[in-house]
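The values are calculated or read from the model by the stated rules, or taken from the named source; none is laboratory data. The structure presented is a predicted model; accordingly, all values stated were derived computationally and were not measured. Cβ placement follows ideal geometry from the backbone for every residue including glycine, while neighbour counts extend to all protein chains displayed.
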Amino acid sequence: MSLLEINNATLKFGGVVAVNDLSFSVEEGEVYAIVGPNGAGKSTAFNLISRFYEPFAGTFRFDGNNLLDLDADQVADLGIARTFQNIELFDHATVLQNLLVGRHRHRKTTLLEEMFFMPRVRREEERHRAAVEEVIDFLDLQPYRNKMIAGLPYGVRKVVELGRALASEPRLLLLDEPASGLSVEETQDMRWWIDDIRKQMGITVLMVEHDMGLVSGVSDRVLALADGAKLAEGTPAEVQADPAVIEAYLGAGAA
Amino acid sequence: MEICQKARKPGVTGQGTVLKERGEDNLEVLQLFVSGLANGCVYGLIALGFVLIYKATEAVNFAQGDFMMVGAFVSLGLTNAGYMDLPFWIAAPLTITIMAVFGYLIDLFVLRHLFGQSQTAVVILTIAMGFVLRFVAGLIWGHEPQTLESPLALGDLHIGGVVLGMADVAIIVVTFLMTWFLYQFFQRTKLGLAMQAASQNQMAAYFMGIPVKRVQGLIWGLSGATAAVAGILFASKGAIDPNAGLLGIKAFAAAVIGGFGSLPGALAGGLIVGVIEPFAARYLAAGYSQIAPYALLLAVLVFRPHGLFSQVRVKKV
Amino acid sequence: MRIHFKTTYNDDIRLFPDRWTFMVYAALLVLAFALPYLIGEFYLGEVTNVLIWAIAGLGLMLLTGQTGQASLGHAAFLAIGCYANTILIEQGVPFIVAFPLAGIITGLVGVLIAIPVLRLHGIYLAIATIALSVLADDIIVLTEPWSGGVSGKFPEMITIFGLEIERWSMPSRFYYLVLVVTIICTLFYRNLLRSPLGRAFAAVRDSEVSATAMGVHIARTKGKAFGLSCMITGWAGALMGYYAGTFNNETFSLVISITLLMMIVIGGLGTIHGAFFGAVVVAFLPQGLSILKDGVFGSGVAIPGLETGVFGVILILFILFEPMGIYGRWLKIRIWFELFPFARKDMFRRQKSYLKTERLR
């Protein structure tokens, strides 16, 4: 059984069909990329999985759980973490605090314990901190640990957001355009990290990305979308060679 | 009130007692309704000011009521015999101009420096501005209630037993005209559309060549002018003092009930609040009548958080 | 400049980052406890007033500074705390039980109100809470049998295990009571900030979308913030009742709500220090102004609205030129001295950004 299975997902905004009868599944341990022109419904698909949008129709199953039974905040508890296209960090907190919020689903202490800061809270805090430090080491964020997000450059914020998702120790990582706005070197780093996330940490990755270099470099399978519907699916090479995909990208007649 | 009595009499003669009482009841209801309508228009006009600024800058001017108060005092200062003694029809447009400039300057010297700060900062800043305006108005014009010597304040209008003050009629007519004008402005003109665009995504609007900051200044000017109109009408109707701006709280209720993004909604909300008030005062026990507008406000916030006339949407990520 | 090397994670978790900071606050605490022996009764009363305002400020700060929800109706919760405490004591509940209970009741009422109200964003919340503050006045009048209505109530003398405490006849005892409550509230606040809930508050404040994606339940977190905020505010309200000696429907007005909000902004949003600095301003501004006014115009001249007017001007200046409040300014001055002569002017430049709307239309 696949880790994430989506069948016949449909979503409309007013009269516009954002996602049209879309079905795909992501296997445990793979890197699965969604590509497509702007407005193809890639981010919408992510927002459906995150339960930010309510689908008109379709089934969403993650590891045997029906995602439609859950609220948006409960999705994280299953082990699905995500990043955002336009970086949604907690701007007035430090990098460390941002990463610690990633640990939210692992918290065990109650309100009263926290108010009196019982020894258990301290022990838990040290445990969370240790987990976060591993992420910091993994992503080389040491110089920024106590810096406010508001003052960080774009590239670093992108990495912090990845780190926050990783800190939650997810089973499935949703990356919404991880390389957008990054320099060539930063994109290269991102590529290695995604590789390591899959290989070392064993986390399944589902990503939306425009950079075909990155997509073909890291992903096992690619799904091409246009107008909210599936255009092609297969290995990066297969999808890039697909005439329908070429037409969607370059326009009619180019092929 | 004497004129009232006379006006009522012809309608009652020769009928049976039951009919007569019902007739009086109906008249009274109508009278309450009309006076509520006039009050509601003032709330509506202040609410228009909120909505204008909200539509264009996504901020709320909590001092809008105090803007109205300042507008009222400026017109009073220009018109009344004790002050400048200008003819009303010169003073009124002058007041509107002065308040428009005032609004623009407030944006230029105060709000523009808030660019990039949170909505909460604007909320707090405008509340503080209200305090300052009240204080300054008190220094200049004193704390005694004063009335505007306005030609609108003279005479009543009798329509089938219902008595309407000329001021009330003027308020109702002007308010509807204002709302229509502003609505058309936002829907039809380039500037109006630019203002809407600027509120929804400042950065994108900026890149599309809309001078976001100047547009913001103009909208503050426009809301200052609206406040001036509200002020002139309000001062024609009754006495004003520096605390008159606290009326703004009821106008909030109006704006919320109508939905913050909609100009006709603001007017409708104002009318609802205005009409509810006299009826609550007439039919509810003492302590409860003041609560009515606020209770309605809370009910709307709980059940239709974005107003009676708008749809709820969520942020896109 | 002090540099401390961190060797354990606990260095970041404990209350005081280093020995020096600990010494400073220990000295401050000793000074606070010795205060009744150092200054006269009048000034002790003023300091007590500052502390009570600071507690109320902490309450609102938790909601506005930490969770980003502006409330313009916190005077209503001051009132609930005050009335709950007084009524409980009149029913024969001892102070030591009634006082904490008054806070808890206020907190619960806060949560009940929060459930519908906190679905609202920014300004809608501000307006709803304004309505709440206006309604509180009318409701107190309507519930006259319990609240005493317009004629008000007089809180009874506090007795804790036979020890009598009264604001006028034994100001130092009352001061110690307020001081202890202040310390407890401050500790609660600090503890929350360094635990998961405190981070969830900040997450909700800065980005609701990504907080949700990280598993933070927005409504529940805001509800907790509201409840805790109201609890602390309720305690402040109860103490305010004792401090004033009498209170009625007009004591906790909308003006108090707004003053509270302005106080924490002037002090510095999102910081504990801010609540205290703001309280100092609020408590001493009226005195300072009246002394100034008497000096300029001679005593007996009344200028209505002077206090609120000046307060408004101060606030506008702070929002425009120092949005981080007094505490922010203090930090800058301190860093300037620590780095002397290497501080640069642009070190503290604010990052300005275009407004990103939460609204989609």
**Residues of segment C:203-219 satisfying the condition of being within 18 Å of C:Ala114 (Cβ to Cβ) and under 22 Å from the mean Cα position of the chain (by Cα)** = C:Ala203, C:Val204, C:Arg205
**Request:** Quickly run through segment A:143-172 and pick out the residues that are within 14 Å of A:Gln85 (Cα to Cα), touching a residue at least 40 places away in the same chain (Cβ under 8 Å) and crowded, with 17+ Cβ neighbours inside 10 Å.
**Result:** A:Arg157, A:Lys158, A:Val160, A:Glu161, A:Leu162, A:Ala165
**Asked** Do any helices (runs of 4 or more DSSP H) entirely within segment B:1-105 hold 2 or more residues that are on the phi < 0 side of the Ramachandran plot and modelled with pLDDT of 85 or more, and if so, which?
**Response** B:17-57, B:64-79
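What residue, of A:Arg123, A:Arg51, is part of a loop (DSSP other than H, G, I, E, B), more than 20 Å from A:Leu162 (Cβ to Cβ), modelled with pLDDT of 90 or more and within 11 Å of chain C (Cβ to nearest Cβ)?
A:Arg51
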**Asked** Tally time: how many residues in segment A:27-40 are within 25 Å of A:Lys199 (Cα to Cα) and surrounded by fewer than 17 Cβ atoms within 10 Å (Cβ to Cβ)?
**Response** 4
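Residue by residue, here is whether (1) part of a helix (DSSP H, G or I); (2) under 30 Å from C:Cys185 (Cα atoms); (3) of a type in the set (Phe, Trp, Tyr); (4) modelled with pLDDT under 95 holds:
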{"position": "A:Lys108", "(1), (2), (3), (4)": "no, yes, no, yes"}
{"position": "A:Ile136", "(1), (2), (3), (4)": "yes, no, no, no"}
{"position": "A:Asn146", "(1), (2), (3), (4)": "no, yes, no, yes"}
{"position": "A:Leu173", "(1), (2), (3), (4)": "no, no, no, no"}
{"position": "A:Asp189", "(1), (2), (3), (4)": "yes, no, no, yes"}
{"position": "A:Gly202", "(1), (2), (3), (4)": "no, no, no, yes"}
**segment C:72-108, subset within 16 Å of C:Thr246 (Cα to Cα) and of a type outside the set (A, V, I, L, M), residue farthest from the other protein chains (Cβ to nearest Cβ)** = C:Glu90
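Just checking, how many residues over segment B:110-131 are in contact (Cβ under 8 Å) with a residue 24 or more places away in the chain and either farther than 15 Å from C:Met324 by Cα or facing chain C (nearest Cβ under 7 Å) (or both)?
Qualifying residue count for the region: 9.
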**Prompt:** For segment C:116-134, does any single residue satisfy the condition of being hydroxyl-bearing (Ser, Thr, Tyr) and modelled with pLDDT of 90 or more?
**Reply:** no
**Exclusive hit being touching a residue at least 24 places away in the same chain (Cβ under 8 Å), part of a helix (DSSP H, G or I) and in contact with a Lys or Arg (Cβ under 7 Å, 6 or more places away or on another chain), set A:Leu182, A:Leu214, A:Leu225** = A:Leu214
**Complete:** Exactly one of A:Val95, A:Val132, A:Val121 is over 30 Å from A:Gly36 (Cα atoms), crowded, with 19+ Cβ neighbours inside 10 Å and out of contact with any Leu (no Cβ under 9 Å at 6 or more places or on another chain), and that one is A:Val121
**Prompt:** Among the residues of segment B:197-232, which ones are within 14 Å of chain C (Cβ to nearest Cβ), modelled with pLDDT of 75 or more and surrounded by fewer than 18 Cβ atoms within 10 Å (Cβ to Cβ)?
**Reply:** B:Pro211, B:Lys213
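Consider segment A:228-252. How many of its residues are part of a helix (DSSP H, G or I) and either under 20 Å from the mean Cα position of the chain (by Cα) or closer than 23 Å to A:Thr83 by Cα (or both)?
The qualifying residues number 1.
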**Prompt:** Of the residues B:Ala280, B:Ala239, B:Ala235, which single one is in contact with a strand residue (DSSP E or B) (Cβ under 9 Å, 6 or more places away or on another chain), in contact (Cβ under 8 Å) with a residue 12 or more places away in the chain and surrounded by fewer than 23 Cβ atoms within 10 Å (Cβ to Cβ)?
**Reply:** B:Ala239
**Asked** In segment C:131-151, how many are outside any helix (DSSP H, G or I) and within 8 Å of chain B (Cβ to nearest Cβ)?
**Response** 0
**Request:** Can you confirm whether segment B:140-163 contains a residue that is within 14 Å of another protein chain (Cβ to nearest Cβ) and crowded, with 17+ Cβ neighbours inside 10 Å?
**Result:** yes
**Neighbours by Cβ (under 6 Å, 6+ apart or cross-chain): first from segment C:167-193, more than 15 Å from C:Val47 (Cβ to Cβ); second surrounded by 15 or more Cβ atoms within 10 Å (Cβ to Cβ) and among the small types (Gly, Ala, Ser)** = C:Leu192/C:Gly198
**Fill in**
Note on A:Asp140: of the conditions (1) touching a helix residue (DSSP H, G or I) at 6+ places or on another chain (Cβ under 7 Å); (2) within 27 Å of A:Gln97 (Cβ to Cβ); (3) exposed (fewer than 15 other Cβ atoms within 10 Å of the Cβ), unmet is (1)
**Prompt:** Of all residues in segment B:251-263 being farther than 16 Å from B:Val275 by Cβ and more than 11 Å from the chain's Cα centre (by Cα), which is farthest from the other protein chains (Cβ to nearest Cβ)?
**Reply:** B:Leu263
**Asked** Is segment A:41-61 home to any residue that is closer than 17 Å to A:Phe24 by Cβ, surrounded by fewer than 21 Cβ atoms within 10 Å (Cβ to Cβ) and in contact with a Gly (Cβ under 9 Å, 6 or more places away or on another chain)?
**Response** no
**Request:** Please specify each residue of segment A:56-86 satisfying the condition of being of a type in the set (Gly, Ala, Ser), within 14 Å of chain C (Cβ to nearest Cβ) and not in a loop (DSSP other than H, G, I, E, B).
**Result:** A:Ala72, A:Ala76, A:Ala81
**Request:** Considering only segment B:165-187, state which residues are closer than 16 Å to B:Ala268 by Cβ, surrounded by fewer than 19 Cβ atoms within 10 Å (Cβ to Cβ) and under 15 Å from the mean Cα position of the chain (by Cα).
**Result:** B:Phe176, B:Leu177, B:Trp180
**Asked** Does any residue in segment C:285-311 that is surrounded by 13 or more Cβ atoms within 10 Å (Cβ to Cβ) come within less than 9 Å, Cβ to Cβ, of a residue that is assigned to a helix (DSSP H, G or I) and among the basic types (Lys, Arg) six or more places away or on a different chain, and which pairs are these?
**Response** C:Ile303/C:Lys293; C:Gly305/B:Arg134; C:Leu306/C:Lys293; C:Thr308/B:Arg134; C:Gly309/B:Arg134
**Prompt:** Among all residue pairs at least 6 apart or on different chains, which show Cβ distances below 9 Å where the first residue, located in segment A:87-105, is within 7 Å of another protein chain (Cβ to nearest Cβ) and touching a residue at least 24 places away in the same chain (Cβ under 8 Å) and the second is surrounded by fewer than 24 Cβ atoms within 10 Å (Cβ to Cβ) and in a strand (DSSP E or B)?
**Reply:** A:Asp91/A:Met148; A:His92/A:Met148; A:Ala93/A:Met148
**Item:** Of residues in segment B:288-317 being modelled with pLDDT under 65 and within 9 Å of chain C (Cβ to nearest Cβ), the one surrounded by the most Cβ atoms within 10 Å (Cβ to Cβ)
**Value:** B:Val317
**Asked** Filtering segment C:322-333 down to residues that are among the hydrophobic types (A, V, I, L, M, F, W, C) and out of contact with any helix residue (DSSP H, G or I) (no Cβ under 8 Å at 6 or more places or on another chain), which residue is surrounded by the most Cβ atoms within 10 Å (Cβ to Cβ)?
**Response** C:Leu331
